[in-house]
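Just so you know, all these numbers are worked out from the coordinates, no wet-lab data involved. The structure displayed is predicted, hence computed values, not measured ones. So basically every Cβ, Gly included, is an ideal-geometry build from the backbone, and we count neighbours across all protein chains shown.
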Amino acid sequence: MKYNLKTVFLTAMATAGIMFGSKAADVIVPPAAHNAEHSDLIAGQLNIGNQIKVQDTEAFLGNLFPEEQEPEMDIYEEGWNSQAVNCYTGVAVPDMATIDVTNFHMPTDPTYMTSPYGYRRRFRRMHKGVDLHIQVGDTIYAAFDGKVRIVRNQGRRQGYGLYVVIRHTNELETVYGHLSKFLVQPNDYVKAGDPIALGGNTGFSTGPHLHFETRYMGYAINPSAIFDFNNHTTHTDTYTFTKSTYMNARDYTPDKAMYAQENAAPAKAKAKATSAGGAKYYTVRRGDTLSRIAARHSTTVSAICRLNGLSTSSRLSVGKKIRLK
Ligand SMILES: [Zn+2]
């Protein structure tokens, strides 16, 4: 009787597309005190139909583009081809998901947005979060309950500077950038509203602010779609994620999205005009990377990115023509 019930249960789970992993239970052995929270996390992850493995991204991120000074690099896109970095790479993302955002806390004390989520013409890239005005030293709070995944210093003048990534029990992840001091460590469990850091001006930042991102399985969701930053609340109790809405934002490279569209017609004329001015092109070969091409042609990765509307993490397809000069 007992056996039958179990079989029925497992079959039902399998039918519902839920992976029944002994993996999660085997791999993560939390301290006893955290058992409750741990169960919550695992239970939350089961709902999305895929086990997500929390992987250590520290070593990889540490070696990425150390010479680059990109504004607000996308830490999820860095090493996009590597299973080890974006732990969501290769994981099937549901077309739609309902995310419970009732138990929230604003990431900052009352403040205002200085820069919204969206495309930045100046940098030819997406701004995948919002910037919130703060003073250096202001307390930054966990937006939801969860577990700290990354605590890292990307460099004083680079990218996000000091940043924290938290994976929440509601399956969202939040990113907090340009911090001045950490108040948490990797694998700490936090409650919504727990102080996690002090705000700052580290990384590629021109003034004190908090760069705040909300992610669902790597997709950058517009934080303003969830939070009402003016009224310091959330818009609704649940946020409905639809993959189609964020498809471009996740896999965004300016050359294949709106940048290409924008320049489609006058492209030929432009190429002619620039080649007269000494433009130099290169056709991507198998095994090429931006840094290898840059080194071989005595230029820099950022110069190539600027000329071609690429980000340092853009995928180079064989046969693609890129401008070097
Ligand atoms: Zn920002």
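Tabulated results
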{"read-out": "Taking Ser313, Ser224 and counting other C-beta atoms within 10 Å, the order from fewest to most", "value": "Ser224, Ser313"}
{"read-out": "Gln185-Thr238 FRET efficiency (beta carbon distance; Förster radius 25 Å; 0.05 resolution)", "value": "0.20"}
{"read-out": "Approximate spin-label separation Asp109-Asp228, in nm, with each point projected 7 Å along Cα-to-Cβ", "value": "2.3 nm"}
{"read-out": "Gain on full stretching of the segment that runs from Arg120 to Asn153 - 0.36 nm per residue minus C-alpha separation", "value": "9.5 nm"}
{"read-out": "For Pro223, net neighbour charge (Lys/Arg +1, Asp/Glu -1) across residues whose Cβ lies under 11 Å away", "value": "-1"}
{"read-out": "Label point 7 Å beyond Cα of Thr206 along Cβ direction - residues of region 101-119 with amide nitrogen under 15 Å", "value": "114-116"}
